[in-house]
Amino acid sequence: EGTKLLNQAMALDTFEPNKIKLLAEAADKYNNTLAGLYLGNLYHSGLYNGSVEIVKKDYDKAFYYYNKVALYDYTGAVLWRLGWMYERSQIAKDMDDTKRKQEALKYYKLSEKFEYVKSYNSLGKFYQNGWGVEKDLNEAIYYFKKATKNGDTFSVLNEAYIHAEKPESFDLAIKCFKHAMDNKTPLSYLKFGEFLEENINHSLLKNYNYDYNYIFNFYKTTIETNNGTLSARAYYNIGKLLDSNPVVIVEKKQDLY
């Protein structure tokens, strides 16, 4: 019956009021996992039709629906969402941060059992930062690689950050940055540019023949692929380049406008 209600709901237009009623019945009465996940995501992000708010963002309702169907989750997606809400302090705001991280870790590990890809990336971050576990960069890299292998597009960038901390692993960092850029991830262009700018004179980068023109182009690509905060940061970084290397950048400046 829960599946029947879910199918009826999904056949309706996104903004049809009865859609939410059918999904709520499927989740509340029959513990339908997909209905609970849909409603949880809906309240987690809110729903807008242009500038008109159809469903108000409500973390408490999102948590309610995620938690309602968590025991019936065979995908790992609901469990990961619960972990994410704890990690981001979207719920249990009165809970100590250490305990929140431990709750998040618990759900990420449960999600991992279902081989949910995002759980690998999340666990990698927890081992990278020592949240709820002993800090272990090798374990973090293991999880990032596992996420990348299974199609996650951001985990290889997280791996790049680890390698970029040590000159002896710069080659691996560059390989990871390039993989992320192959995935057309806007943040990767910005981060690779910043990595090169910070280490441009390091002897281990000499063989790559990177120069400030390359750095400029990575920031420019960031601007072309993102019109939000990443773009603003790229403009700021170009401004710094202009101050320190006017001859190089003045020739390129018209490319930005």
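The values are calculated or read from the model by the stated rules, or taken from the named source; none is laboratory data. Every value quoted in this text rests on a predicted model; they were computed, and no experiment measured them. As a convention, Cβ positions derive from the backbone with ideal geometry for all residues, glycine included, and neighbour counts pool all protein chains shown. The accessibility values were calculated without ligands, DNA or RNA, using every heavy atom of the protein model including side chains. Shrake-Rupley method; radii C 1.70, N 1.55, O 1.52, S 1.80 Å.
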Inside the range 156-168, can you point out the residues that are closer than 20 Å to Ile200 by Cβ, open to solvent by 10 Å² or more (accessible area, probe 1.4 Å) and assigned to a helix (DSSP H, G or I)? Tyr161, His163, Ala164, Pro167, Glu168
List pairs: first in the range 184-211 and in a loop (DSSP other than H, G, I, E, B) and aliphatic (A, V, I, L, M), second modelled with pLDDT of 90 or more and surrounded by 13 or more Cβ atoms within 10 Å (Cβ to Cβ), Cβ under 8 Å, 6+ apart or cross-chain? Ile200/Ile215
Show the residue pairs meeting these rules: Cβ distance below 7 Å; 6+ apart or different chains; first residue within the range 50-63 and among the charged types (D, E, K, R); second residue in a helix (DSSP H, G or I). Lys57/Tyr43; Lys57/Ser45; Asp58/Tyr43; Lys61/Tyr43
Can Tyr219 be described as assigned to a helix (DSSP H, G or I), open to solvent by 20 Å² or more (accessible area, probe 1.4 Å) and modelled with pLDDT under 95? no
Positions within the range 71-89 being open to solvent by 30 Å² or more (accessible area, probe 1.4 Å), in a loop (DSSP other than H, G, I, E, B), closer than 16 Å to Asn41 by Cα and touching a residue at least 24 places away in the same chain (Cβ under 8 Å), in sequence order: Thr75
Spot the failing condition for Tyr236; the list is (1) open to solvent by 60 Å² or more (accessible area, probe 1.4 Å); (2) within 24 Å of Gly151 (Cα to Cα); (3) modelled with pLDDT of 90 or more, and only one is missed. (2)
Failed condition for Lys175, given (1) touching a residue at least 24 places away in the same chain (Cβ under 8 Å); (2) of a type in the set (D, E, K, R); (3) closer than 30 Å to Ala77 by Cα: (1)
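Taking Ala140, is it touching a Gly at 6+ places or on another chain (Cβ under 9 Å), surrounded by 17 or more Cβ atoms within 10 Å (Cβ to Cβ) and part of a helix (DSSP H, G or I)? Don't jump to the end; show me each part of the working.
Values: touching a Gly at 6+ places or on another chain (Cβ under 9 Å): yes; surrounded by 17 or more Cβ atoms within 10 Å (Cβ to Cβ): yes; part of a helix (DSSP H, G or I): yes.
Spelling it out, Ala140 is indeed touching a Gly at 6+ places or on another chain (Cβ under 9 Å), surrounded by 17 or more Cβ atoms within 10 Å (Cβ to Cβ) and part of a helix (DSSP H, G or I).
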Filtering the range 239-250 down to residues that are under 21 Å from Asn201 (Cβ atoms) and either among the aliphatic types (A, V, I, L, M) or modelled with pLDDT under 75 (or both) yields Leu241, Leu242, Pro246, Val247, Val248, Ile249
Filtered residue count, the range 90-105, keeping only those that are open to solvent by less than 80 Å² (accessible area, probe 1.4 Å) and assigned to a loop (DSSP other than H, G, I, E, B): 4
Which numbered condition trips up Tyr30, out of (1) closer than 21 Å to Asn7 by Cα; (2) open to solvent by less than 50 Å² (accessible area, probe 1.4 Å); (3) out of contact with any Ser or Thr (no Cβ under 7 Å at 6 or more places or on another chain)? (2)
Does Glu224 qualify as being surrounded by fewer than 12 Cβ atoms within 10 Å (Cβ to Cβ), at pLDDT 90 or above and either part of a helix (DSSP H, G or I) or touching a His at 6+ places or on another chain (Cβ under 6 Å) (or both)? no
Within the range 106-135, how many residues are under 21 Å from Ile91 (Cβ atoms), out of contact with any helix residue (DSSP H, G or I) (no Cβ under 8 Å at 6 or more places or on another chain) and part of a loop (DSSP other than H, G, I, E, B)? 0
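Which of the residues belonging to the range 43-53 are open to solvent by 20 Å² or more (accessible area, probe 1.4 Å) and on the phi < 0 side of the Ramachandran plot? I'd like the intermediate steps shown before the answer.
Going through the range 43-53, the residues open to solvent by 20 Å² or more (accessible area, probe 1.4 Å) turn out to be 43, 45, 47-53.
Correct list: Tyr43, Ser45, Leu47, Tyr48, Asn49, Ser51, Val52, Glu53.
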